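Notes to accompany the following structure.
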Ligand code: SOE
């Protein structure tokens, strides 16, 4: 039987635009799903660059105004891969036009915006997803299975770190197409929204809700020049680094740390969970392995196992290569898209949806607020769900 076309309108041609385009092109080669994404139209402001991008990824058409893209009758789904300060207006307009919505993380500039986005997609009844792609790393999905099977028992500790080093030089500018993540007006925050949003989402997916936080942030370089106006120096408004303590609803304690000033760490996204019966440890820089320790193993033989997560039995791996052949970063987006398409087909709950993005956003807001006030902040669960 032929596949059902799903016409995609992508907004954004940066790093995420490339990653998403790749996912649309690949998903049907590896997953037997009923829907076939069609790369219908891509949208960005700069026409020349847009055309080159469209040509390279074989998008059928281009738009330079996202409102026009949303108005088009031949688009089923709007994919938002632009800076965070544009997510809110685009998501709401897309939902009101009856389009499905994909949104890059973090959901929004703050929870107030995020709440309006969630209200809007839910009122319109359109399917939606936030690209928390790390949930789709097979080793992390395996960690989820292990936790859900109750193998860890009561969870005591969750320890997360997300480290990079690309902003250490004071010569790195802020703003513009390449460095908007350093510009408070475009990004809303620094590492908290950009990196810790991932860690928070993973933590809550694996072990449940965070109920309160106590945070500190630091901006190491206080002024940077603007990418679009070299020589013009402006104060830096984002957090370069953030560390916070967390309490989970299930009684576990959490520690989270993120920085873009960890020399040598390029994209180290790690976590360790310590339970009564077992522990789990993961590091994205060794993404195809999950470390696992089970206290119930034979005494004398007990030790950390390093599970190579490439077998057919492991999450997603039966769709890829033969055992022992690893997959990479881009595959996490393909896996996420496949899950979404399967959800459309079967009615199975799509996750993470924008509501789950909002839950992470509430924690990010509380973290930033705590660092400003030097006070613990409680996350009100009823405001998230
Ligand atoms: C920042 O450098 C960044 O590109 C994030 O925006 C992504 O979400 C993360 O997965 C990789 O790093």
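The values are calculated or read from the model by the stated rules, or taken from the named source; none is laboratory data. The structure displayed is predicted, hence computed values, not measured ones. Cβ placement follows ideal geometry from the backbone for every residue including glycine, while neighbour counts extend to all protein chains displayed.
In table form, for the structure just shown:
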quantity	calculated
Any chance residue 187 is within 16 Å of the ligand (Cβ to nearest atom) and over 30 Å from residue 251 (Cα atoms)	yes
Search result, residues across the range 194-222 that are within 13 Å of the ligand (Cβ to nearest atom) and either touching a strand residue (DSSP E or B) at 6+ places or on another chain (Cβ under 6 Å) or more than 13 Å from residue 135 (Cβ to Cβ) (or both)	194, 195, 196, 199
Qualifying position, being part of a loop (DSSP other than H, G, I, E, B) and closer than 30 Å to residue 362 by Cβ, among 251, 300	251
Sole residue being in the same structural domain as residue 153 (by TED's automatic domain parsing), away from the ligand (no atom under 16 Å from the Cβ) and in contact (Cβ under 8 Å) with a residue 12 or more places away in the chain, chosen from 245, 301	245
Yes/no for residue 371 being touching a strand residue (DSSP E or B) at 6+ places or on another chain (Cβ under 6 Å) and outside any helix (DSSP H, G or I)	no
Identity of the residue in the range 47-65, out of contact with any helix residue (DSSP H, G or I) (no Cβ under 6 Å at 6 or more places or on another chain) and in contact (Cβ under 8 Å) with a residue 40 or more places away in the chain, that ends up farthest from residue 86 (Cα to Cα)	59
Elements of type strands (runs of 3 or more DSSP E) contained in the range 33-145, each with 2 or more residues being within 16 Å of the ligand (Cβ to nearest atom)	77-80, 100-103, 128-130
Single residue of 334, 273 found to be assigned to a strand (DSSP E or B) and assigned by TED's automatic domain parsing to the domain that holds residue 251	273
Matching entry among 189, 199 (being part of a loop (DSSP other than H, G, I, E, B), closer than 26 Å to residue 82 by Cβ and under 17 Å from the mean Cα position of the chain (by Cα))	189
